[in-house]
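Structure first, then comments.
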Amino acid sequence: MFRRLIDPALFYTVLLAACSVILPLSCGFMDLRPVSLDVYPSEPDTVLKDSRTPLVFRFDTEMDRNGAEALVNVAFNGGRVEGDLSWEGNTLYYRPVEGWSPGRPYGLNLSGTADTLDGRELRIARYIPFFAVSREALPMLVRFSPDDGGVVGLSAEEGCTVELFFSEPMDRASVERTFTVDGLDNFSFIWAEEDRLLSVRFSGTLKPWTAYHWTISDKALDKRGAPLAKAVSAQFITGKDTLLPKPVDVYPMLFSNGKWLPTGGVLETDLGSAQGIGVEFNKEMDEESMLRSLRFEPALSGRGEFLSPVSFVFIPDKDPEPETVYTLVISADTKDRYGLKIGADYERPFTADLPYLEFLSIAADGGNTLQGNAIGAVLQVPVEEAQDGMIGLDIGFSHLFTEEAMLDAAFRIVLEVFFPGTLNPVSLRSARWSDGGLRLEWEGLEAGKPGEVHYYKLSVPGGRTGITDGKGSYLKEDVTIYLEGVNK
């Protein structure tokens, strides 16, 4: 048997012909040719010729232009570069809106996928760093005098000077245009050392003991046109030394006839109910800083009111707690109107002149008396059964009450059945105040019987929500006394 060798080239030719003739609809070809893209700059750290030189992207075929443009991103350390895109045939040009800055490092990032019009696809991920005009470092502000927060030479009336020293010769116009001082616009410039040293002269416009804040922006250019590497800000203070702000007095204040007035007392011991705390400084202060400067330990909420350029009053939302030591703290960051800070926290401990209200005694008509330290004990009260089971109680307190507080307290002291629960409820017949305290009369009580003791519970509410003398004092805690009804 003989086998005839078949030429492989002939075999594939016949096979392709068969596909094209017999199966024209089922046999197809995918275009796998790569898409070519030439980029300028193509090498890392290329230096573009000038500030308007475009970036160039040459495709070897027609592209979906929106997709191709989306591949391009140009940035520098300060953010993204805004650019204009244009086409000439299959070539895309990218031109920076503001031009390239000499010496500034840029990065071209090509990333993503774009389609050609003939159905192919370009995938790319490429990063190319580059420069324009020059690779030399950007100019920098090497040093300045006085240092940040330093004091300028003489008094404000005689003038003062701030000196700026740059690493490169600078473009005078751009530097002078971008140098600013808050609140000032009258100063002169003197250049020296081949335009590396700038002296800024202030004369006749400064206030003594004042902080001035200056800035030179990164729009300042050197003689090549390269921008300052970064903006610089600092402040200087006029005068031979600084008069730092400080609190000079803190004292209680009383609101009278529509204004806040000092009480004449001292903060440590004399702060009373519904009073404010006045704070006075040695110089004019920044209003917002002054009003935000105050805090208390433990916390005491309230609001501040500006009284004058050197003083304000803090008005508590509620009276301080009785017998509690507070510390008033004025923050070290509190500033005067020119920005100088007091430098250290100012602290004043104090205790409000608001003692607790005390329950001194309770006495029953024809019966016994209990002192305040016997709270929770049992008091025998003779019951007038012939007078609807009436009893009379005299309660003594440590403070005199205001009229409004008297009325409130009389109806918040409660007497109720305690044991046995089957006793009839009692009701308040009368209440009246005198210098000796509060007299209350109830009816409906029942005296105990042999083998059956009758108890009633007297409750006097304490705490901030309890009874008060109307002048800021209240019972430290609830008072409970048990009454035993006995035959008179």
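The values are calculated or read from the model by the stated rules, or taken from the named source; none is laboratory data. Just so it is clear, the model here is predicted, and its values are computed rather than measured. Cβ placement follows ideal geometry from the backbone for every residue including glycine, while neighbour counts extend to all protein chains displayed. The accessibility values were calculated without ligands, DNA or RNA, using every heavy atom of the protein model including side chains. Shrake-Rupley method; radii C 1.70, N 1.55, O 1.52, S 1.80 Å.
Return the only residue of GLU98, GLU168, GLU136 being without any contact (Cβ under 8 Å) to a residue 40 or more places away in the chain and outside any strand (DSSP E or B).
On the way: GLU168 fails: without any contact (Cβ under 8 Å) to a residue 40 or more places away in the chain; GLU136 fails: without any contact (Cβ under 8 Å) to a residue 40 or more places away in the chain.
Step by step, each of GLU98, GLU168, GLU136 is checked, and only GLU98 is without any contact (Cβ under 8 Å) to a residue 40 or more places away in the chain and outside any strand (DSSP E or B).
Can you find, within the range 389-402, the residue that is farthest from GLY470 (Cα to Cα) among those that are open to solvent by less than 80 Å² (accessible area, probe 1.4 Å) and in a loop (DSSP other than H, G, I, E, B)?
Going through the qualifying residues, I end up with GLY389.
Of the residues making up the range 51-77, those that are open to solvent by less than 60 Å² (accessible area, probe 1.4 Å) and under 30 Å from LYS230 (Cβ atoms) are SER51, THR53, PRO54, LEU55, VAL72, ASN73, VAL74, ALA75, PHE76.
The residues of the range 78-95 that are without any contact (Cβ under 8 Å) to a residue 12 or more places away in the chain, under 38 Å from the mean Cα position of the chain (by Cα) and open to solvent by 60 Å² or more (accessible area, probe 1.4 Å) amount to a single one, ARG80.
Among residues of the range 423-438 that are under 17 Å from THR468 (Cα atoms) and among the basic types (Lys, Arg), none has a Cβ under 8 angstrom from a residue that is assigned to a loop (DSSP other than H, G, I, E, B) and open to solvent by 70 Å² or more (accessible area, probe 1.4 Å) at a sequence gap of 6+ or on a separate chain. Every test in (1) closer than 17 Å to LEU254 by Cβ; (2) modelled with pLDDT of 95 or more is passed by ALA274 save one, and that test is (2).
Among the residues of the range 439-464, those that are of a type in the set (D, E, K, R), in contact (Cβ under 8 Å) with a residue 40 or more places away in the chain and in a strand (DSSP E or B) comprise ARG439, GLU441, GLU443, LYS457. Taking every residue in the range 232-247 that is open to solvent by 20 Å² or more (accessible area, probe 1.4 Å) and pairing it with any residue that is modelled with pLDDT of 85 or more and part of a loop (DSSP other than H, G, I, E, B), at least 6 positions away or on another chain, the pairs with Cβ-Cβ distances below 7 Å are GLN235/ASP148; GLN235/GLY149; LEU243/LYS283; LEU244/ILE342; LEU244/GLY343; LYS246/ASN282; LYS246/ILE342.
Rundown of residues vs (1) over 30 Å from LEU271 (Cβ atoms); (2) of a type in the set (D, E, K, R); (3) touching a Phe, Trp or Tyr at 6+ places or on another chain (Cβ under 7 Å), yes/no style:
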site	(1), (2), (3)
ASP353	no, yes, no
ALA363	yes, no, no
GLY389	yes, no, no
GLU404	no, yes, no
ILE413	no, no, no
PHE418	yes, no, yes
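Output the residues belonging to the range 280-299 that are more than 21 Å from the chain's Cα centre (by Cα), of a type outside the set (A, V, I, L, M, F, W, C) and assigned to a strand (DSSP E or B). Hit for the range 280-299 is GLU280, nothing else. Residue under question is PRO96, and the condition is that it be within 23 Å of LYS230 (Cβ to Cβ) and out of contact with any Pro (no Cβ under 7 Å at 6 or more places or on another chain); does it hold? When the stated conditions are applied, PRO96 passes them. Can you find a residue in the range 300-319 that is within 30 Å of PRO382 (Cβ to Cβ), touching a Gly at 6+ places or on another chain (Cβ under 9 Å) and assigned to a loop (DSSP other than H, G, I, E, B)? No, every residue in the range 300-319 fails to be within 30 Å of PRO382 (Cβ to Cβ), touching a Gly at 6+ places or on another chain (Cβ under 9 Å) and assigned to a loop (DSSP other than H, G, I, E, B).
Taking the criterion of being open to solvent by less than 50 Å² (accessible area, probe 1.4 Å) and among the small types (Gly, Ala, Ser), the residues of the range 161-216 that qualify are SER167, SER174, ALA192, SER199, ALA211. Could you give me the residue pairs with C-beta distances under 8 Å whose first residue belongs to the range 295-314 and is touching a residue at least 60 places away in the same chain (Cβ under 8 Å), whose second residue is open to solvent by 40 Å² or more (accessible area, probe 1.4 Å) wherever it lies, and which are 6+ apart or on separate chains? Sorted first by the residue in the range 295-314, then by its partner, the pairs are VAL313/GLU305; VAL313/LEU307.
Among the residues of the range 347-366, the ones that are open to solvent by 50 Å² or more (accessible area, probe 1.4 Å) and either closer than 23 Å to LYS318 by Cα or modelled with pLDDT of 95 or more (or both) come to 5 in all.
Restricting the search to the range 367-377, which residues are in a strand (DSSP E or B), under 57 Å from the mean Cα position of the chain (by Cα) and exposed (fewer than 14 other Cβ atoms within 10 Å of the Cβ)? Even if it seems obvious, please write down each step before you answer.
Taking the range 367-377 first, the residues in a strand (DSSP E or B) are 369-371.
Checking the rest, the ones that are also under 57 Å from the mean Cα position of the chain (by Cα) come to 370-371.
Answer for the range 367-377, where residues must be in a strand (DSSP E or B), under 57 Å from the mean Cα position of the chain (by Cα) and exposed (fewer than 14 other Cβ atoms within 10 Å of the Cβ): just GLN371.
Comparison of VAL486, VAL426, VAL414 shows that the only residue that is open to solvent by 40 Å² or more (accessible area, probe 1.4 Å) and in contact with a strand residue (DSSP E or B) (Cβ under 7 Å, 6 or more places away or on another chain) is VAL414.
Run down ALA409, ALA386, ALA405 and say which single residue is among the aliphatic types (A, V, I, L, M), out of contact with any helix residue (DSSP H, G or I) (no Cβ under 9 Å at 6 or more places or on another chain), farther than 15 Å from VAL460 by Cα and assigned to a helix (DSSP H, G or I). Let's see the steps before the verdict.
Numbers: ALA409 fails: farther than 15 Å from VAL460 by Cα; ALA405 fails: farther than 15 Å from VAL460 by Cα.
One residue alone meets the criteria, ALA386.
Checked against (1) free of Cβ contacts under 8 Å to residues at least 40 places away in the same chain; (2) closer than 25 Å to PRO34 by Cβ; (3) of a type in the set (D, E, K, R), ARG126 meets all criteria but (1).
How about the range 465-483: which of its residues are open to solvent by 10 Å² or more (accessible area, probe 1.4 Å) and either of a type in the set (Phe, Trp, Tyr) or part of a loop (DSSP other than H, G, I, E, B) (or both)? Explain how you work it out, then say what you get.
Taking the range 465-483 as the starting set, the residues that turn out to be open to solvent by 10 Å² or more (accessible area, probe 1.4 Å) are 465, 468, 470-472, 474, 476-478, 480, 482.
Matches in the range 465-483: THR465, GLY470, LYS471, GLY472, TYR474, LYS476, GLU477, ASP478, TYR482.
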